[in-house]
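A.B. asks: If you scroll down you'll find the structure; I have some questions about it.
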Amino acid sequence: MTIKEAQFDYVLRLADNAFILGHRLSEWCGHGPILEQDIAMTNIALDLVGQARALYQYAAELEEGGKTEDDLAFLRDVGEFRNVLLVEQPNGDWACTIARQFLFDACNYLFYRELTNSKDDHLSAFAEKALKEVTYHLRFSSEWMIRLGDGTEVSHQKMQNALNDRWMFSGELFSPNETDRILTAEGIGVDLEKIKPLYNQKVTEILNRATLQKPKSSWMQKGGKEGRHTEHLGHVLAELQFVQRAYPGLEW
Amino acid sequence: MKKNWPLWEVFIRSKSGLHHKHVGSLHAADAEMAIENARDVYTRRNEGVSIWAVESNNITASDPEDSNALFEPAKDKIYRHPTFYKLPDEVKYI
């Protein structure tokens with residue numbers, strides 16, 4: 001893999017993470033448990049989709065294949081998506097959504113903070129802007145983890161179950177592949193080994209305050225970053241891409 | 001019967017503003033959440049840079065029935081208004 005190819009793969013991964021998670025959150029629109037949280041969730045979704053757009057635009061530039069951001073977002077199939085498995089998992093109930101969000105946000109915050117130091121000016125500038133949004137996302141999801149975990153018996157049980165279910169997807173966030181290794185060496189990519197202990201620290205801190213148990217199993221799911229996805233992504237893309245594929249080239 | 005979270009009144013100060021304006025109300029479980037909900041609901045379109053949230057039952061309001069006794073007397077006492085002074089530009093916002 002050349003450096004340029006690694007860059008494309010990397011940016012595509014970040015874009016796909018933001019895009020798929022943003023889409024999942026948008027599924028809550030109109031279905032939130034309470035008005036204010038419905039708006040909060042869709043605000044976060046909008047932030048993520050906005051990040052996805054910026055990243056897809058840059059990815060299209062890097063690929064030099066004449067594609068647009070829309071081509072990348074709407075015309076690739078499951079095997080070409082590079083998002084981590086965590087973000088394609090279904091929303092489930094509110095606790096499940098919060099567990100997924102927290103596990104992702106804690107990583108994303110540390111990741112973007114490191115990315116502001118990237119030798120790739122485009123990525124460092126993007127990270128500076130995105131960091132402001134993600135700081136709020138982490139605050140939001142952390143507080144909900146605490147409120148539900150250290151809440152009633154029912155909320156505690158649901159939150160613990162949700163954490164147990166989603167835990168096995170957290171490892172993939174920190175397992176570097178060839179793309180990571182190439183770009184970290186160039187000073188472009190984030191050194192995942194460096195931020196992993198900070199992540200563990202943050203997760204432990206929040207779980208303690210939430211009176212939740214950290215799941216014991218250390219076996220982690222992976223494959224998303226290489227294009228091997230769970231069954232869920234197919235259904236997500238079917239919904240997401242249907243209109244563009246049914247009416248190619250359509251415009252508002 | 002479903003119990004609601006407490007109701008909060010929200011006040012926002014815009015970037016160029018000098019005071020917080022009442023923009024509406026929302027439900028939140030506690031003060032932290034009230035600020036976050038206010039941020040999500042009332043500052044989406046860049047409406048402001050500062051949020052005050054007050055539990056609605058901490059606000060005391062005047063009774064409309066008392067309006068006459070409270071406010072009528074002030075109507076015809078123009079000598080109380082500072083309209084006969086010319087304010088220098090330096091103290092425009094006094």
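The values are calculated or read from the model by the stated rules, or taken from the named source; none is laboratory data. Everything quoted here is computed from the prediction, not taken from an experiment. Because the Cβ atoms are built from the backbone with ideal geometry, glycine has one as well, and the counts that use them run over all protein chains shown.
A.B. asks: Which residue pairs have Cβ atoms closer than 8 Å, lie 6 or more positions apart in sequence or on different chains, and pair a first residue in segment A:145-168 that is away from chain B (no Cβ under 14 Å) and touching a residue at least 12 places away in the same chain (Cβ under 8 Å) with a second residue that is buried (at least 21 other Cβ atoms within 10 Å of the Cβ) and among the polar types (S, T, N, Q)?
C.D. replies: Close Cβ pairs satisfying both conditions: A:166/A:89.
A.B. asks: Go through segment A:158-252 and tell me which helices (runs of 4 or more DSSP H), entirely inside it, have 1 or more residues that are among the β-branched types (Val, Ile, Thr), surrounded by fewer than 14 Cβ atoms within 10 Å (Cβ to Cβ) and modelled with pLDDT of 95 or more.
C.D. replies: Numbers: elements: A:178-185, A:192-209, A:231-246.
By residue number, A:192-209.
A.B. asks: Confirm whether residue A:124 is in contact with a helix residue (DSSP H, G or I) (Cβ under 9 Å, 6 or more places away or on another chain) and either modelled with pLDDT under 95 or closer than 17 Å to residue A:101 by Cα (or both).
C.D. replies: Working: in contact with a helix residue (DSSP H, G or I) (Cβ under 9 Å, 6 or more places away or on another chain): yes; either modelled with pLDDT under 95 or closer than 17 Å to residue A:101 by Cα (or both): no.
No; evaluated as a whole, the condition is false for this residue.
A.B. asks: Of the numbered conditions (1) within 12 Å of chain A (Cβ to nearest Cβ); (2) in a loop (DSSP other than H, G, I, E, B); (3) within 19 Å of the chain's Cα centre (by Cα), residue B:34 satisfies every one except a single condition; which is it?
C.D. replies: So residue B:34 meets the others, but not (2).
A.B. asks: Would you point out which residue out of A:92, A:79, A:149 is within 24 Å of residue A:171 (Cβ to Cβ) and crowded, with 21+ Cβ neighbours inside 10 Å?
C.D. replies: On the way: A:92 fails: crowded, with 21+ Cβ neighbours inside 10 Å; A:79 fails: crowded, with 21+ Cβ neighbours inside 10 Å.
From the options A:92, A:79, A:149, the qualifying one is A:149.
A.B. asks: Tell me, yes or no, whether segment B:50-73 has at least one residue that is part of a loop (DSSP other than H, G, I, E, B), touching a residue at least 24 places away in the same chain (Cβ under 8 Å), under 20 Å from residue A:143 (Cα atoms) and within 14 Å of chain A (Cβ to nearest Cβ). Please lay out each step first, then the result.
C.D. replies: First, pick out the residues of segment B:50-73 that are part of a loop (DSSP other than H, G, I, E, B): B:59-63.
Pick out the ones that are also touching a residue at least 24 places away in the same chain (Cβ under 8 Å) and you get B:59.
Adding the requirement that they be under 20 Å from residue A:143 (Cα atoms) leaves none.
No, because not a single residue in segment B:50-73 is part of a loop (DSSP other than H, G, I, E, B), touching a residue at least 24 places away in the same chain (Cβ under 8 Å), under 20 Å from residue A:143 (Cα atoms) and within 14 Å of chain A (Cβ to nearest Cβ).
A.B. asks: Are there any pairs with C-beta distances below 8 angstrom linking a residue in segment A:225-240 that is within 13 Å of residue A:24 (Cα to Cα) to a residue that is part of a helix (DSSP H, G or I) and of a type in the set (Lys, Arg), with the two at least 6 apart or on different chains, and if so which?
C.D. replies: A:236/A:24
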